[in-house]
Amino acid sequence: MRATNVRKINFSNTVAYLDLSQAITGIFLCLFMLTHTLLVFSIIFGEKCFNKVALFFESTGLAWSSGIFLTIIFLFHFLLTARKIPFSFTEQAKFWSQAKMINHQDTWLWLVQVLTGIVILLFGSIHIWVILNDLPITALKSKHLMQKGGWVYFYVLFLFSVAFHLGLGLYRIGVKWGFITSQNRLKSKKYLFILVGTLIMIDSISLLFFYF
Amino acid sequence: MSRILEINIFRYNPEDPASVPRMQTYYLEETPNLNLFIALNRLKEEQDPSLMFDFCCRAAICGACAMVINGKPQLACKTKTKDFPNQINLMPLPGFKLIGDLCVDTGSWFRIMNEKLEAWVHTNKEFDPEAEEERMENSLAEQIYELDRCIECGCCIAACATAQMRSGFLGAVALNRIARFILDPRDKRSEQQYFEIIGTDQGIFGCMGLLACEDICPKNIPLQDQLGYLRKKMGVLAVKNYLFWKKRS
Ligand code: SF4
Ligand code: SF4
Ligand code: FES
């Protein structure tokens, strides 16, 4: 067959852009999360320090503007990734039986990623709503919140979900886009799990400071 | 004393209205170096002539004997029973049409796949039967050969949760094949033409990076690296298309 005879299929770049945006919004949210973790961590240097940091974001208008901006990216990221989530029951059943059959770590981890993603969508929306509706952020208010009812449990679950989703997401982006190759796959996985552990540790310390 | 193996085999004959899908247990004494090719043939000869399964080369080069062995899609002829516990469960490959028991029709699937990819060398050159074959760097030939070793056994499709969930998904075997043609200088297709085949949700952008294909492929084809390479290449091309289109308008 001649090269010129190749039939033109209805073609568009859209899927590529969607996939690319999924990765880019993901990386962006990861960077945000890391910054967020460090900012909240300022509580260990005392309430004053935390309040100062919060005040800076308040006075410059960054708190609400970045809040809204991030919410949009956050929802956008959800919409993009939702294209991959099995919503129909047949697909879910197939995935489940497949995961059980081959019992393969990376396949299970994908399920973890979907589930943590759903937790984040739900809890993240609540978290953003609660915080943005009660600006300015102060250490005292956060402490009150933390010591009230079941909020600690809420944040512990939220924290674990975010950390795992972030680590697994980065791993998946690396694999899919060829940054993680078969050569460095195991090593990259190890480093990303260390990152997840570190995140959980730092955030737990902050949580403890708010709780007591 | 040698072990007595308990081999549980999926039995179902779609042609026979009286047949119901079930697992049937057979017992077999293990011999030194026993592989599943011999084991199944012994069962068929000595115990149950109605047992259906496929074999051809018995040397891991034809891909006919792929089945799910204790949960993992593998080649039966390449699988030694001594690497397994006493109990071995055999199921047909999921995702393909069942012919009976352990036999599935991978052929039709691969035919359709290869037609979709137009998996042949596309060239403008008139074929001259008299001419000497064109030369190619040895290292390049080896690179192509590395990807061409795929035996179309279907294990990567059976292992891939994406392929199982979404039946139109091309799967690692197809994407690897495109990577092979991209390498081949005799194939004159442009990047854009490759993009039209795999730059979709059924192609490279549908792959979720679960890497079961990489971990399971019995020929150890470097699938992960081909998938990463293709996604990067196709992603960059899409961005280029965007910039180009911007410039033109
Ligand atoms: S890529 Fe590997 S697992 Fe897939 S069909 Fe080819 S040889 Fe089989
Ligand atoms: S990486 Fe995963 S989703 Fe992609 S082809 Fe391989 S098994 Fe399927
Ligand atoms: S019989 Fe040919 S690959 Fe097993």
**Q.** Cα-based shape type of chain A, given that a ≥ b ≥ c are square roots of the gyration tensor eigenvalues and the cut on a/c is 1.5
**A.** prolate
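How large, in percent, is the carbon and sulfur part of the accessible surface of chain A at a probe radius of 1.4 Å?
Carbon-and-sulfur percentage of accessible area, whole number: 74.
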Q) Got a sec? Which residues of segment A:102-116 lose 40 Å² or more of accessible surface with every protein chain in place, vs. that chain alone, 1.4 Å probe? A) A:Ile102, A:His104, A:Trp110
Q: Please work out the FRET efficiency for the pair A:Glu91 and B:Asp128, using the Cβ-Cβ distance as r and a Förster radius of 56 Å; give the result to the nearest 0.05.
A: 0.65
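Given a 1.4 Å probe, how much area per residue of segment B:118-248 is accessible, in Å²?
Numbers: 6070 Å² over 131 residues.
So segment B:118-248 comes to 46 Å² accessible per residue, rounded to a whole number.
What total accessible surface area, summed over both chains, is buried at the interface between chains A and B, computed with a 1.4 Å probe and given in Å² to the nearest 100?
Its buried surface, counting both partners, is about 3900 Å².
When the accessible area of segment B:118-248 is computed with all protein chains present and a 1.4 Å probe, what percentage of it is carbon and sulfur? Intermediate values should be presented prior to the final figure.
Working: 3190 of 6070 Å².
Its accessible area is 53 percent carbon and sulfur atoms.
Tell me, what is the per residue accessible area of chain A in Å², probe radius 1.4 Å?
Numbers: 11960 Å² over 212 residues.
Solvent-accessible surface per residue comes out at 56 Å².
Apply the membrane-span-like helix rule to chain A: whole DSSP H runs, Cα extent along the own long axis of at least 18 Å, mean Kyte-Doolittle hydropathy at least -1.0. List the helices found.
Values: long enough: A:14-41 (40 Å, 1.60); A:62-82 (29 Å, 1.90); A:89-102 (20 Å, -0.36); A:105-132 (38 Å, 1.62); A:151-176 (36 Å, 1.34); A:185-211 (38 Å, 1.09).
Correct list, ordered by number: A:14-41, A:62-82, A:89-102, A:105-132, A:151-176, A:185-211.
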Q: Please give the direction-averaged projected area of the C-alpha convex hull for segment A:142-212, in square nanometres with one decimal.
A: 4.9 nm²
Q. What spacing in nm lies between the two simple spin-label points modelled at B:Thr25 and A:Thr35, each 7 Å away from Cα in the Cβ direction?
A. 6.2 nm
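If I take R0 = 56 Å and measure r between the Cβ atoms of A:Ile24 and B:Cys56 in this structure, what FRET efficiency does the formula 1/(1 + (r/R0)^6) give, to the nearest 0.05? Write down the numbers at each step before the final one.
Values: r = 47 Å, r/R0 = 0.85.
The computed FRET efficiency comes out at 0.75.
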Q | segment B:57-113 - percent of accessible surface contributed by carbon and sulfur, probe 1.4 Å | A | 55 percent
(Q) Which residues among segment B:178-222 fall inside the zone where the amide N is under 17 Å from a point 7 Å beyond the Cα of A:Gln183, along Cα→Cβ? (A) B:222
**Q.** Solvent-accessible area lost in complex, 50 Å² minimum, residues of segment A:152-197 relative to chain alone, 1.4 Å
**A.** A:Val175, A:Lys176, A:Trp177, A:Ser182, A:Arg185
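Can you tell me the convex hull volume per residue for the protein assembly as shown, based on C-alpha atoms, in Å³ to the nearest whole number?
222 Å³
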(Q) A 23 angstrom limit on the alpha carbon distance is what I want to check against. Which of B:Lys44/B:Lys82; B:Lys116/B:Lys188; B:Lys78/B:Lys232; A:Lys100/B:Lys97; B:Lys72/B:Lys219 exceed it? (A) B:Lys78/B:Lys232
Q) Expressed as a whole number of Å, what is the distance separating the alpha-carbon centroids of segment A:146-180 and segment B:36-76? A) 44 Å
Q. With heavy atoms of protein chains only and a 1.4 Å probe, what residues of segment B:221-237 have at least 30 Å² less accessible area in the full set of chains than alone?
A. B:Gln224, B:Asp225, B:Gly228, B:Arg231, B:Lys232
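The values are calculated or read from the model by the stated rules, or taken from the named source; none is laboratory data. Computed from a prediction, not measured in an experiment: that's the story for all the values here. With ideal geometry, Cβ positions are generated from the backbone for all residues, glycine too; neighbour counts draw on all protein chains shown. The protein model used for the area step is the full one, side chains on, heavy atoms only, and it has no ligands, DNA or RNA in it. Shrake-Rupley method; radii C 1.70, N 1.55, O 1.52, S 1.80 Å.
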